[in-house]
1. For the range 26-49, check the following and say yes or no: at least one residue is surrounded by 14 or more Cβ atoms within 10 Å (Cβ to Cβ) and modelled with pLDDT under 90.
2. I'd like to verify a number: residues in the range 200-216 that are assigned to a helix (DSSP H, G or I) and in contact (Cβ under 8 Å) with a residue 40 or more places away in the chain, how many?
3. Considering only the range 166-185, state which residues are modelled with pLDDT under 90 and aliphatic (A, V, I, L, M).
4. Counting only residues that are closer than 26 Å to LYS65 by Cβ and among the basic types (Lys, Arg), give me the helices (runs of 4 or more DSSP H) lying completely in the range 84-163 with at least 1 of them.
Amino acid sequence: MDNSQSLKDLTPDATIGQIINAEKNAEELLTSIGLSPEHHKPETLRSICQQKKWSEVEILQWLKKNQQNNGEQNVDNNKGLPNLNDNLKRWCNYLKKHFITKNSGLLDEISSDFPRIHKIHGNQYQWLKNMQPHLEKLEEKLTYYFYFQRHKLFPLLHELNSSKKKILHGTTTKIESGIHIIEEDHNEIIDFIETIEQKGQGLKNPEGACSTLRILNYNIKALFSSLKKQIEIERDHFIPLVKQKLNSG
């Protein structure tokens with residue numbers, strides 16, 4: 001098989017080796033849900049999933065969906081931050097592109113999958129029941145958090161960034177209030193994450209867990225990791241810049 005073949009062209013009858021050749025991140029993704037590619041390269045995805053009683057279609061769709069998101073992993077440290085200088089509009093666009101859009105997508109998938117998983121496996125895995133109310137509260141908090149940033153705070157910051165005149169007192173007050181809300185949200189979100197991780201037993205995959213539960217756990221952990229990075233960037237870079245702009249206005 002030609003190594004240049006795209007992952008999107010592959011079917012469940014492709015071997016693990018072919019899948020890895022087509023998508024450089026596939027090995028890490030498969031390992032994250034408990035499949036060691038190194039030991040299964042000659043086998044087809046279909047045959048492995050039949051052995052494990054997983055859905056080969058679900059696994060392949062998940063791999064294809066995640067290949068476009070893996071590029072976001074290069075923002076794991078400050079070296080990955082672009083040179084945005086003090087341009088608030090660029091910072092807002094950066095946060096939307098690399099975090100808010102991605103995290104909203106993960107949240108949508110989790111919100112869609114968790115009720116179904118909980119209904120099927122809630123009695124089997126008590127930790128699913130234990131984490132359910134906290135996950136639902138986090139979903140509600142994040143839905144508001146992302147909406148507030150996109151539609152309330154960021155438009156005000158665009159105005160602050162581009163205004164050649166002295167910013168109106170009313171606008172300044174709204175921005176200060178918005179930043180205060182975001183800072184409080186940061187603390188609540190981190191608390192929710194820590195509680196869910198504790199109630200959910202570290203989101204570890206039980207022996208014999210189905211592919212849907214494994215993908216759910218992966219998505220939750222990916223969301224938590226990305227949220228922590230988003231909050232770190234907002235605390236260390238974005239919010240200090242906004243406050244600096246307000247104080248110099």
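The values are calculated or read from the model by the stated rules, or taken from the named source; none is laboratory data. Quick caveat, the model's predicted, so the values are computed rather than measured. Methodologically, a virtual Cβ is constructed for each residue, glycine included, from the backbone with ideal geometry; neighbour enumeration extends over all protein chains shown.
1. No, every residue in the range 26-49 fails to be surrounded by 14 or more Cβ atoms within 10 Å (Cβ to Cβ) and modelled with pLDDT under 90.
2. Keep residues of the range 200-216 that are assigned to a helix (DSSP H, G or I), which gives 201-203, 211-216.
If we keep only those that are in contact (Cβ under 8 Å) with a residue 40 or more places away in the chain as well, we get 201, 211-216.
Residues in the range 200-216 being assigned to a helix (DSSP H, G or I) and in contact (Cβ under 8 Å) with a residue 40 or more places away in the chain: 7 in total.
3. ILE167, LEU168, listed by residue number.
4. Numbers: elements: 88-95, 101-121, 126-148, 154-162.
The qualifying helices (runs of 4 or more DSSP H) are 101-121, 126-148.
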